[in-house]
Amino acid sequence: RDEQGALLSCMVESVLAVDTEKRILKMNKAAERLFHIGPTACGRNVMEVIRNSDLHDIVTRAIGSSELVEGSVLLPDENRYLQVHGTVLNAADGRRIGALLVLNDVTRLQRLEVMRREFVGNVSHELRTPITSIKGFVETLQEGAAEDPQERKRFLDILARQVSRLEAILNDLLALSRLEHDADKNEIELTPCDLGDVLKQAM
């Protein structure tokens, strides 16, 4: 019992065990902190203690299923996202006595995913502008503007600028990719620099 208690208390993940009537049998410290409840919650119905319909749905499915169930839970008051895995809880003699839930806080991952989606959307928008411009001017040249030397030079200058813009965007993407790769391997070389100059260049 002491070993089990020590293991559960050391876990970063929240662990919640309920019986077939959805009463809380046991939970670890992480679960108490996550849901702001104390040990006195044991013996009470999980629906009474934790008011979250997504979690109740997963508890119901875990109690009634013989397979692992998964689901996502949003805690709206704190804007936190949880990934929940639930499995049937059996006694030593094989009787089904409830369900065991393991909850992972994936709020940071969720926010990163939202940022990544927004980033992809922004990049797509940035790429669309020069590509549309290049396409339009090429079509204009094909339709006869190339015959006029002055118009041809003006359009070719615009095309060159748009191609340079595309190249700059792609170079930025490659630089970001390299930084991300190096960060994963802890290979980013840090050097002192004047941030003011960097900001002026960016502006």
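Of note:
- Selected from G94, G38, G121 as most flexible by GNM, with the chain as the system and alpha-carbon contacts under 10 Å: G94
- Fluctuation leader among K29, K185, K135 - the chain, Gaussian network, Cα springs under 10 angstrom: K185
- The stretch 38-141, Rg to Rh (Cα coordinates; Rh as Kirkwood inverse mean 1/r): 1.34
- Backbone HN-Hα couplings from phi across the stretch 195-203 [Karplus 6.51/-1.76/1.60, Hz, Gly and Pro as x]: 5, x, 5, 5, 5, 4, 4, 5, 5
- Angstrom value of the Kirkwood radius, inverse mean 1/r, which spans all Cα pairs in the stretch 53-99: 11.4 Å
- Annotation: amide H-H contacts under 5 Å for G71 (H modelled 1.01 Å from N, sequence separation of 5 or more, or interchain): V84.
- Surface analysis of the chain yields an accessible area of 71 Å² per residue, using protein heavy atoms and a 1.4 Å probe.
- Measuring r between the beta carbons of E48 and R111 and using R0 = 41 Å, the FRET efficiency lands at 0.85.
- Working ranking of peptides 57-69, 142-154 by packing, defined as the average number of other Cβ atoms within 10 Å per residue, highest first, is 57-69, 142-154.
- Shape annotation for the stretch 83-203: C-alpha extents along the principal axes are 91, 45, 21 Å, from largest to smallest.
- Summing charges over neighbours of A160, with a neighbour being any other residue whose Cβ is under 14 Å away from its Cβ, gives +3 when K and R count +1 and D and E count -1.
- Computed from the Kirkwood radius of its Cα pairs, the Stokes-Einstein diffusion coefficient for the chain at 37 °C and 0.692 mPa s stands at 146 µm²/s.
- Whole-angstrom gap from the stretch 13-29 to the stretch 128-203, using each part's C-alpha centre: 56 Å
- Across the accessible surface of the stretch 101-142, with the other protein chains kept in place and a 1.4 Å probe, carbon and sulfur atoms take up 59 percent.
- Computed from phi, the 3J(HN,Hα) profile of the stretch 96-113 under the Karplus parametrisation 6.51, -1.76, 1.60 (θ = phi - 60°) reads 6, 10, x, 9, 10, 10, 10, 10, 10, 7, 10, 4, 4, 4, 4, 5, 4, 5 Hz, with x in place of Gly and Pro.
The values are calculated or read from the model by the stated rules, or taken from the named source; none is laboratory data. Just so we're clear, the structure is a prediction, and the values are computed from it rather than from any experiment. Note: ideal-geometry Cβ built from the backbone for every residue, glycine included; neighbour counts use all protein chains shown. Heavy atoms of the whole protein, side chains included, go into the accessibility calculation; ligands, DNA and RNA do not. Shrake-Rupley method; radii C 1.70, N 1.55, O 1.52, S 1.80 Å.
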